[in-house]
1. Just one of Leu100, Leu108 is touching a strand residue (DSSP E or B) at 6+ places or on another chain (Cβ under 7 Å) and of a type outside the set (Asp, Glu); which is it?
2. For residues that are exposed (fewer than 15 other Cβ atoms within 10 Å of the Cβ) and touching a residue at least 12 places away in the same chain (Cβ under 8 Å), scanning just the range 69-88, find the one that is nearest to the chain's Cα centre (by Cα).
3. Taking the options Ile20, Ile89, Ile56, name whichever one is within 26 Å of Pro254 (Cβ to Cβ) and not assigned by TED's automatic domain parsing to the domain that holds Ala127.
4. Kindly indicate whether His66 is surrounded by 18 or more Cβ atoms within 10 Å (Cβ to Cβ) and in contact with a helix residue (DSSP H, G or I) (Cβ under 6 Å, 6 or more places away or on another chain).
5. Quick check: anything in the range 87-95 farther than 25 Å from Arg234 by Cβ and out of contact with any Cys (no Cβ under 7 Å at 6 or more places or on another chain)?
6. Looking at Glu187, Glu191 in this structure, which one is among the acidic types (Asp, Glu), exposed (fewer than 14 other Cβ atoms within 10 Å of the Cβ) and farther than 18 Å from Arg152 by Cβ?
7. So, of the residues in the range 1-56 that are in a helix (DSSP H, G or I) and free of Cβ contacts under 8 Å to residues at least 12 places away in the same chain, which turns out to be surrounded by the fewest Cβ atoms within 10 Å (Cβ to Cβ)?
8. Exactly one of (1) more than 30 Å from Ile142 (Cα to Cα); (2) in contact (Cβ under 8 Å) with a residue 24 or more places away in the chain; (3) of a type in the set (A, V, I, L, M, F, W, C) is unmet by Val112. Its number?
Amino acid sequence: MPTARDIASRMDGWLRTTEIPDYPGAINGLQVDNRADVTRIATAVDFSAYIVRETIRARAQLLLVHHGMFWGGVQPLTGVIYERLANLIANDVAVYSSHLPLDLHPELGNNVLLAKRLGLRPTEGFARYKTVDVGLAGADDIPTATLIERVRLLTTEAGGHVVAPSVASDRRTRRWAMCTGAGADSETIREAMERGIDTMIVGEGPHHTAVQARDLGIVIIYAGHYATETMGIRALGERAGSEFGIEAVFLDAPTGL
């Protein structure tokens with residue numbers, strides 16, 4: 001059976017982990033090692049005490065997450081921080097995390113899988129971060145109300161809810177852009193305006209982005225941070241499981257946000 005290091009090395013290759021820039025707290029790749037061979041993989045959007053317990057309950061030796069262990073930066077190993085790490089080590093569970101490398105992957109990525117589920121055809125990148133485009137953009141011709149309803153159905157399925165403005169029945173989406181997770185900010189809205197984007201699909205964004213977009217005539221569909229980022233980590237687990245002939249299970253823990 002493979003080790004966590006075997007699987008991590010393969011995933012690093014698929015995801016180009018060392019090539020993709022990311023936020024300092026992401027620390028993509030194998031975050032905690034273990035000794036045992038891996039016979040089952042667990043996947044989850046967020047690393048948490050609950051997910052650690054569920055991974056142990058699922059008898060998995062490797063946990064794959066999108067949001068890893070170190071988002072809060074350096075912290076004392078006390079309280080719940082200690083308990084999470086202690087449970088991992090006591091039960092010999094490894095942890096692997098992939099943030100932006102997973103968001104932008106052309107086959108396993110959150111953005112490409114979300115676009116596919118919504119029936120949209122991406123033709124270019126969007127949401128530039130340093131040297132990479134995290135999101136996607138494309139040209140379609142669809143009633144905006146229809147697109148909002150598609151997003152609503154998908155988001156409800158993932159335990160969340162959509163926030164979107166009311167739109168006229170004859171409004172159409174012809175130039176769209178997408179960035180899962182925290183995809184709405186002043187920079188992505190500015191990019192959308194400069195590129196003639198009329199509709200944005202994101203996970204979440206600050207209140208001011210809705211006001212700013214309205215003034216610019218851009219519709220932003222806030223589909224939920226969690227709901228827009230379940231697909232990539234599931235796909236990564238399934239690919240790794242298939243490659244190594246082991247089971248992968250998804251641990252669902254919706255936040256409603």
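1. Answer to the selection: Leu100.
2. The residue in question is Gly72.
3. Being within 26 Å of Pro254 (Cβ to Cβ) and not assigned by TED's automatic domain parsing to the domain that holds Ala127 holds for just one of Ile20, Ile89, Ile56, which is Ile56.
4. Taking the combined requirement at face value, the residue satisfies it.
5. yes
6. Glu187
7. That would be Gly13.
8. Result: Val112 fails condition (1) only.
The values are calculated or read from the model by the stated rules, or taken from the named source; none is laboratory data. None of the values given here were measured: they were computed from a predicted structure. Please note: Cβ atoms are built from the backbone with ideal geometry, for glycine as well, and neighbour counts cover all protein chains shown.
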